[in-house]
């Protein structure tokens, strides 16, 4: 096995790329260690010759970066502008806050697409599930900044993501909400959602996350997580357009529907222009 110092050097090298710099180092280390366990020959080569110019070293850096981009990089946008806007939000007065929140949501591809229907989405979801008092948001991105559209007064909101920078911004926002509403309790945590236990909740959001979880290898990981989530309702969403912006010919996910039927879960489908939502009752 490689020592801590060598692992730390690999993590540092992997995260030199700009688009990967905001990923939590612990997450990168865990991902790297898992990759090396799956590639014992590369592990042995690194152990015998830990040289940045060696084929094994270059290959490990390249492959782990590629995997991290697939599970992370596709959905992140203008983080520099977002940091500036969050600072502005924390110093703002209430009348200007809605405008700044919209600008924050516009910095991320997924939340930007939902801006035109966030109010309708939460109204329809809560009509199905009831108004939640505890929410889990797994692989949250910056979705918690849409909290005002939920129109909830009393709520505990637990958000999880691997992006330490975004989690820090969300916690700052949650503290702002808490100061103005003692019935709100929010906590954001840097974590790999496949490896931790969650608090019980009324509702769990798992938005555009199944491709990240399953990594193109069937849907066992999504099934495991769905069964493990301690919430009565789980909302799972999927894009209805390709990365190039073309409308998918079959936006519904038959495997999701088959999985729910097999597990005995009820589901309702909500469709919007860019995204389809499965409201699952466990």
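Values in this text are rule-based calculations from the coordinates and carry no lab data. Nothing here was measured: the structure is a model prediction, and the numbers come from that model. For neighbour counting, all protein chains shown are included, and Cβ atoms are generated from backbone atoms with ideal geometry for every residue, glycine included.
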Residue span residue 120 to residue 269: 0.36 nm per residue of separation minus Cα-Cα distance leaves a gain in nm of 52.2 nm
Most fluctuating of 39, 271, 88 in the GNM of the chain (C-alpha, under 10 Å) is 39
Computed from the beta carbon distance with a Förster radius of 30 Å, FRET efficiency for residue 34 and residue 94 to the nearest 0.05 stands at 0.10
Residue separation between residue 249 and residue 200 times 0.36 nm, minus their alpha-carbon distance, gives in nm 13.9 nm
Rounded to the nearest 5, the percent of antiparallel DSSP beta bridges in the chain equals 40 percent
What one gets for the range 4-71 as the Kirkwood radius, inverse of mean 1/r over different Cα pairs in Å, is 11.9 Å
Simple SL model, points at 7 angstrom along Cα→Cβ for residue 232 and residue 128; separation in nm is 1.5 nm
The range 4-71: relative contact order from alpha carbon pairs under 8 Å, six or more residues apart, as a whole percent, is 36 percent
In degrees, nearest 10, the alpha-carbon axis of helix 25-38 is tilted away from the dominant principal axis of the alpha carbons of the chain by 60 degrees
Listed with the fewest Cβ neighbours within 10 Å leading, 47, 173, 160 appear as 47, 160, 173
Relative contact order in percent for the range 78-123 (Cα pairs under 8 Å, 6+ apart) equals 35 percent
Checking rank on 32-38, 108-114, with mean other Cβ inside 10 Å and highest first, the result is 108-114, 32-38
Rg from C-alpha atoms of the chain, normalised by the globular rule of thumb 2.2 N^0.38 Å, equals 1.07
Taking Cα pairs closer than 8 Å and at least 6 residues apart, the relative contact order of the chain in percent is 14 percent
In degrees, nearest 10, the alpha-carbon axis of helix 164-180 is tilted away from the dominant principal axis of the alpha carbons of the chain by 30 degrees
What helix-only [θ] at 222 nm does the chain give? Using -39500 (n - 2.57) per DSSP H run of at least 4, over all residues, to the nearest 500, the answer is -14500 deg cm²/dmol
Over all Cα pairs of the range 123-206, the Kirkwood radius sets Rh, and Rg/Rh then becomes 0.94
Whole-Å distance linking the alpha carbon centroid of the range 194-244 with that of the range 254-282 is 11 Å
Tilt, helix 254-263 to longest principal axis of the chain (alpha-carbon atoms), in degrees rounded to tens, equals 80 degrees
Diffusion coefficient in µm²/s returned for the range 156-282 by Stokes-Einstein, Kirkwood Rh over C-alpha pairs, 10 °C and 1.306 mPa s, is 98 µm²/s
